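Visitor: There's a structure below that I have some questions on.
The values are calculated or read from the model by the stated rules, or taken from the named source; none is laboratory data. Here the structure is a predicted model, which means the values were calculated and not measured. Glycine gets a Cβ as well: all are built from the backbone with ideal geometry, and neighbour counts include every protein chain shown.
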């Protein structure tokens with residue numbers, strides 16, 4: 001039997017967190033949630049998700065700091081899709097330099113497109 005793939009959503013906006021979680025669960029994924037980068041790093045260490053959906057602007061630890069910590073200190077190669085409202089090319093470039101696998105602007109992508117991106121990175 002095939003193992004259910006698990007996605008960690010690191011997002012502080014509760015409404016989006018719930019909608020993303022429901023959409024992924026309805027598409028057969030297991031879901032873990034964290035509301036900031038500190039929680040996200042702990043879940044990655046202990047739960048070992050197959051992919052991370054990561055917001056940039058969050059309290060306590062932002063997504064860029066979390067990604068830097070994940071790649072540089074933890075040496076973790078889990079695929080990371082940055083999902084943010086920050087649309088500048090500087091944010092995208094910095095995320096890519098830190099090892100993000102993809103960069104999506106929330107307003108530019110439907111939930112179905114996000115699920116499709118998740119699937120493509122988990123193949």
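Visitor: Of all residues in the stretch 100-119, which are in contact with a strand residue (DSSP E or B) (Cβ under 7 Å, 6 or more places away or on another chain) and in contact (Cβ under 8 Å) with a residue 24 or more places away in the chain?
Guide: 100, 106, 114, 117, 118
Visitor: What number of residues within the stretch 18-36 satisfy the criterion of being touching a strand residue (DSSP E or B) at 6+ places or on another chain (Cβ under 7 Å) and assigned to a helix (DSSP H, G or I)?
Guide: Count: 4.
Visitor: So how many residues does the stretch 63-85 have that are surrounded by 16 or more Cβ atoms within 10 Å (Cβ to Cβ) and outside any helix (DSSP H, G or I)?
Guide: Qualifying residue count, the stretch 63-85: 8.
Visitor: If you don't mind, there's one more thing I want to ask. Considering only the stretch 1-17, how many residues are outside any strand (DSSP E or B) and either in contact with a helix residue (DSSP H, G or I) (Cβ under 6 Å, 6 or more places away or on another chain) or surrounded by 14 or more Cβ atoms within 10 Å (Cβ to Cβ) (or both)?
Guide: Qualifying residue count, the stretch 1-17: 6.
Visitor: A follow-up question, please. Only residues that are modelled with pLDDT of 90 or more, surrounded by fewer than 17 Cβ atoms within 10 Å (Cβ to Cβ) and either part of a loop (DSSP other than H, G, I, E, B) or touching a helix residue (DSSP H, G or I) at 6+ places or on another chain (Cβ under 6 Å) (or both): list them for the stretch 44-59, please.
Guide: 48, the sole residue that qualifies.
Visitor: Go through the stretch 93-102 and report how many residues are at pLDDT below 85 and more than 20 Å from residue 8 (Cα to Cα).
Guide: 2
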